[in-house]
């Protein structure tokens, strides 16, 4: 497609000479701009994907894909309902659960916490917890007055395995002087770390039977959490789950639990893509300006090539090669830098934190303990193709203008 002399002349134009210094500077900025745009787009899209994936896996893995709740906040005959739901082919796991807020007190420190109660056999099958036990064991979870807490919760109170913490529930006993909070002391038998700040710092797991007594649920539970084969099918299977429940109940999906969070992530991801694409677009306009200036500067050369028999198509291909080379090289550099950054993002974060002495990623503000990065091959390919397409389009007009240059007029003004 491209002849040897076309490659040779394009290569000479790409090599900066003293007379072409200003033009080469613009071309260099174009290359840097495209590289930065591609690199930034790959990094941002990877972090946004990782952030959504990590939040989704932790929130869903912690709370279930679908929750059956009683209209009055309590559900009776939960064992029968659980068995009917478990029989559905798309249900992986179903377990009764009780949830409640408490005030945790230990070592002269008090703070709010959230209790989730499960049967010992159900907690063992909850992979988000069972696969992330840091200390202790779930084998003792069935004993009386025992709990499992997050690592950050234990660290904030200065607690370890075997230490005790007092939980105060606002749902206490009614007396003539008002409701007296119920206070019970529990022993820690295990600590977990799922990597999500809220869960690790404020969630407490308690045996279901103890929670029924502590929160005065009697022989009832707050609901039944259900895990499906795929969280994305929750809307399709909700009618079948409701039919299996067979009692008046409310179904709450994972999408309804955190609707604002996931909607905001989706909007932010799309907006960031559009904004960062402008970097590549600006670099493409720099290619146009540098090529136009190059065409104007090389008018005499173009005229000589035409008089020697070079066709207009050859002239067009020469300047297309010049601009396309800048775009391809910039895209390749941006792709490699973005790939390396995503693969080493944790090391880069820790290195920068040590260098400037400031925490760049605060788990308290960003939910996750580490910066996630998940590259999607399709998105990376789309970014690379978009950068190449903009670069190629940017070369068409200057190359066409060079091909249309009249050699007589070019030589007349030399």
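Read the figures in this text as sums done on the coordinates, not as results from a lab. Remember, it's a predicted structure, so these values are computed and weren't measured experimentally. Because the Cβ atoms are built from the backbone with ideal geometry, glycine has one as well, and the counts that use them run over all protein chains shown.
Classification of segment 193-277 by its C-alpha gyration tensor yields an oblate form. The axis ratio a/c (a ≥ b ≥ c) is 1.5 or more, and b/c is at least a/b. Sequence-distant contacts, meaning Cα pairs under 8 Å at least 6 residues apart, place the relative contact order of segment 71-248 at 33 percent. Taken over the Cα atoms of segment 71-248, the convex hull encloses 128 Å³ per residue. How big is the gap, in Å, between the Cα center of segment 91-141 and the Cα center of segment 212-250? First find each Cα centre; the distance between them is then 19 Å. The length gained by stretching the chain between residue 346 and residue 257 to full extension, at 0.36 nm per residue less their Cα-Cα distance, is 29.1 nm.
For an R0 of 30 angstrom, estimate the FRET efficiency from the Cβ-Cβ distance between residue 88 and residue 185 and round to the nearest 0.05. Walk me through the numbers before you get to the answer.
On the way: r = 40 Å, r/R0 = 1.35.
Plugging the Cβ-Cβ distance into 1/(1 + (r/R0)^6) gives 0.15.
Remark: spin-label model distance residue 376-residue 311 equals 4.3 nm, labels positioned 7 Å along the Cα→Cβ axis. In a fully extended conformation the segment linking residue 110 and residue 32 would gain 22.7 nm over its present Cα-Cα distance, using 0.36 nm per residue.
Given a Förster radius of 45 Å and the C-beta distance between residue 121 and residue 266 as r, what FRET efficiency does 1/(1 + (r/R0)^6) yield to the nearest 0.05?
Numbers: r = 37 Å, r/R0 = 0.82.
The value I calculate is 0.75.
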